[in-house]
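Note sheet for the following structure.
The values are calculated or read from the model by the stated rules, or taken from the named source; none is laboratory data. Small disclaimer: the values here were computed from a predicted structure and weren't measured. Ideal geometry is used to build each Cβ from the backbone, glycine not excepted, and the neighbour counts take in all protein chains shown. With ligands, DNA and RNA removed, areas are computed over all heavy atoms of the protein, side chains included. Shrake-Rupley method; radii C 1.70, N 1.55, O 1.52, S 1.80 Å.
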Amino acid sequence: MGISFAVAFRGILACDAGFSCASGTYDFSLRPPAKADFGTSIIDAVCAGDPVSFSNVSCNADSYSWSFGDGEASDEENPDHTNDDHGTYVVTLTATGFCNSEELTGNINVEAPIMPEFSSTNLNDDNEACINDEITFTQQGNDNTLLSWNVLPANGNPIQWEFTDPSMNAHSDIITIRFLQAGNFRVELTGSNA
């Protein structure tokens, strides 16, 4: 939307035969410049592989161009985009209007996916061991994973186990456990990158 003006003019022309008067108008519009804006749609952090919906709240623009910092681009007004790799990406919105083009940039932090994977030692091929054997569980996820181990009895009886090292806890990368009673147990590892 622009502002419209009408300019009126009146001219006097001197001629050999006398004076002549003429008047006229010239209508024109002034349009405001484009203003690029994505509001708060640039979020601080997202997990790799999760789509992000970008909201374009630019003013006075007729076309848009997005660059997502990973070699991908879009000319949609409100695109969705997914980064598959973790890292910090510079997102650029270019809003183009009648008078100009304006760019706005923002960072989006893409977090590595959590990988709560682990291995165990001192179990036989049937996942069995003896009472008082030390069984070691080692997390094999990535560095971006915050861990929490949980040891549960599969049969609902109270848990009878202990860490072999007092410095170990439910958030250690490696835990070694001594089971003090026979039974079926389940070891769970949960991870978070928050």
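Computed quantities for the displayed model
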{"read-out": "Peptides ranked, highest mean first, by Cβ atoms within 10 Å: ranges 84-90, 127-133", "value": "84-90, 127-133"}
{"read-out": "Proximal charge balance of A34 [Cβ under 11 Å; K/R count +1, D/E count -1]", "value": "-2"}
{"read-out": "Under 5 Å, built H, 5+ apart or other chain: amide partners of T82", "value": "V52"}
{"read-out": "Cut-off 13 Å between beta-carbons: net charge of the residues surrounding T136, Lys and Arg +1, Asp and Glu -1", "value": "-3"}
{"read-out": "Exposure ranking of F179, F185 by accessible area [1.4 Å probe, largest first]", "value": "F185, F179"}
{"read-out": "Net charge, T94 excluded, C-beta distance under 11 Å - Lys, Arg +1, Asp, Glu -1", "value": "-3"}
{"read-out": "Relative pair counts by distance (%), Cα atoms of region 59-194, 5 Å bins", "value": "2, 9, 14, 14, 10, 8, 6, 6, 6, 6, 6, 5, 4, 3, 1, 0"}
{"read-out": "Fraction of alpha-carbon pairs over 19 Å apart in region 66-136 - percent", "value": "58"}
{"read-out": "Kirkwood-type radius of region 28-100, with distances r between different C-alpha atoms, in Å", "value": "13.1"}
